[in-house]
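Right, one structure below, let's go through it.
The values are calculated or read from the model by the stated rules, or taken from the named source; none is laboratory data. Computed from a predicted model, the values in this text were never measured in an experiment. Here the Cβ is made from the backbone with ideal geometry for all residues, glycine too, and neighbour counts use every protein chain on show. Areas reflect the complete protein model, heavy atoms only, side chains present, ligands, DNA and RNA absent. Shrake-Rupley method; radii C 1.70, N 1.55, O 1.52, S 1.80 Å.
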Amino acid sequence: MSAANIVGSLATICMVLGYLPQAIHTIRTRDTDGIAMPTFILLFLGSIFFVVQGILISNYPLIIANSITALCSAIIFCIKIRNDYFR
């Protein structure tokens with residue numbers, strides 16, 4: 001395993017473990033008052049672009065980490081939309 005793959009794997013672990021607690025908290029509590037909509041839109045788009053980059057360069061840690069964070073961002077975005085516009 002190359003140094004680049006080790007660093008990529010460590011980045012994957014850090015990103016997922018850093019992002020999941022916020023996603024889990026938001027999904028459980030449905031509390032989105034402290035969440036800025038532009039932040040999650042940009043995080044989602046950034047994750048999608050990194051997934052595309054990972055596909056183009058065949059970097060699986062990049063694809064996995066950013067697929068998970070994109071999914072979490074999309075879920076939080078939907079909860080935020082529901083809370084802000086449909087209540």
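For the range 5-17, check the following and say yes or no: at least one residue is under 15 Å from residue 81 (Cα atoms) and over 16 Å from the mean Cα position of the chain (by Cα).
No - not one qualifying residue is present in the range 5-17.
Considering only the range 38-54, I want to know if a residue exists there that is touching a residue at least 40 places away in the same chain (Cβ under 8 Å) and either open to solvent by 40 Å² or more (accessible area, probe 1.4 Å) or touching a helix residue (DSSP H, G or I) at 6+ places or on another chain (Cβ under 6 Å) (or both).
yes
Inside the range 69-84, can you point out the residues that are among the β-branched types (Val, Ile, Thr) and either free of Cβ contacts under 8 Å to residues at least 12 places away in the same chain or surrounded by fewer than 18 Cβ atoms within 10 Å (Cβ to Cβ) (or both)?
The answer is 75, 81.
Filter the range 1-12 down to the residues that are of a type outside the set (Ser, Thr, Tyr) and over 17 Å from residue 51 (Cβ atoms), then identify the one that is modelled with the highest pLDDT.
3
Restricting to the range 28-37, count the residues that are surrounded by 14 or more Cβ atoms within 10 Å (Cβ to Cβ) and either at pLDDT 90 or above or outside any loop (DSSP other than H, G, I, E, B) (or both).
Selection size over the range 28-37: 0.
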